[in-house]
1. Do you know which residues across segment 46-81 are touching a Phe, Trp or Tyr at 6+ places or on another chain (Cβ under 9 Å) and of a type in the set (A, V, I, L, M)?
2. Return the pair list, or none, for Cβ contacts closer than 8 Å from residues in segment 111-129 that are at negative phi and charged (D, E, K, R) to residues that are crowded, with 17+ Cβ neighbours inside 10 Å and not in a loop (DSSP other than H, G, I, E, B), at least 6 apart or on different chains.
3. Go through (1) among the β-branched types (Val, Ile, Thr); (2) within 17 Å of the chain's Cα centre (by Cα); (3) farther than 16 Å from Gly90 by Cα one by one and return the number of the condition Thr41 breaks.
4. Going by the structure shown, is Gly16 within 17 Å of Val129 (Cβ to Cβ) and not β-branched (Val, Ile, Thr)?
5. The conditions are (1) within 18 Å of Ala116 (Cβ to Cβ); (2) in contact with a helix residue (DSSP H, G or I) (Cβ under 6 Å, 6 or more places away or on another chain), and Tyr85 fails exactly one of them. Which is it?
6. Based on this model, can you work out whether Ser80 counts as of a type outside the set (Lys, Arg), assigned to a helix (DSSP H, G or I) and over 18 Å from Ile124 (Cβ atoms)?
7. Would you mind stating whether Gly96 is at pLDDT below 90, under 25 Å from Leu42 (Cβ atoms) and not hydrophobic (A, V, I, L, M, F, W, C)?
Amino acid sequence: MYGWRGTILRVDLTRGKIMKQPLEESVARDFIGGRGFNSKTLFDEIKPGIDPLGPENVLCLAPGPLSGTPLGMTSRVEVSALSPYSGILGDGNAGGAFAYRLKRAGFDQIVITGRAESPKYLWIDDEKVELRTLLTCGARRPGRPPTSLRRGMEKTSAWPASVRQGKTWCALPPPSLTSTPPLPEGAGLCGVPRT
């Protein structure tokens, strides 16, 4: 399959399980990537009437099919969930190195379900994926992750940033490698203010 890596990364926060699921070629061709993959996943997996802020909601991250290629200006990632603001699909699109790196690690989509009992973050190092426990959160400046998460990452090409599904953190590219500044304090996913 050209343009796709052929793998969906599924993370179940409730059970603490990570699964790699093959991407069906028919789904790749019909929905292409990014918003298409996320919309299909949400349509298939979210039951009518669920609480958008509850563990039944699904958080999807998907780069487009051109992310991870030598073409410039194509590293875009779509983040989607059921919006508590509108009650329908809520999504956002961002540029930077995350989509490129996600594709280079071998994934076409990340699907996060459930709710963790304690704060967690998702560590992706090529094909090695771990759901790690965040030991302490502590006080932090707006747009900055906890010190315990940043510690030990100074020499890596990843930088943690928040992706809200309960209290989940994902390792994202450092701000110096992206064209996007940190989000203002009031910004959040799908109309949910960050706290």
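1. Leu61, Ala62, Val77
2. Between residues of segment 111-129 that are at negative phi and charged (D, E, K, R) and residues that are crowded, with 17+ Cβ neighbours inside 10 Å and not in a loop (DSSP other than H, G, I, E, B), the close pairs are Lys120/Leu131; Lys120/Thr168; Lys120/Trp169.
3. Condition (3) is where Thr41 drops out.
4. yes
5. Here Tyr85 meets the rest and fails (1).
6. No, not satisfied.
7. yes
Yes or no, residue by residue, for (1) in contact (Cβ under 8 Å) with a residue 60 or more places away in the chain; (2) within 21 Å of Ile124 (Cα to Cα); (3) among the acidic types (Asp, Glu):
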position	(1), (2), (3)
Phe37	yes, yes, no
Ile46	no, no, no
Leu53	yes, no, no
Asn57	yes, no, no
Gly68	yes, yes, no
Leu71	no, no, no
Ile88	no, no, no
Gly92	yes, no, no
Gln109	yes, yes, no
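The values are calculated or read from the model by the stated rules, or taken from the named source; none is laboratory data. On a predicted model such as this, the values are computed, not experimentally measured, just so you know. Note: ideal-geometry Cβ built from the backbone for every residue, glycine included; neighbour counts use all protein chains shown.
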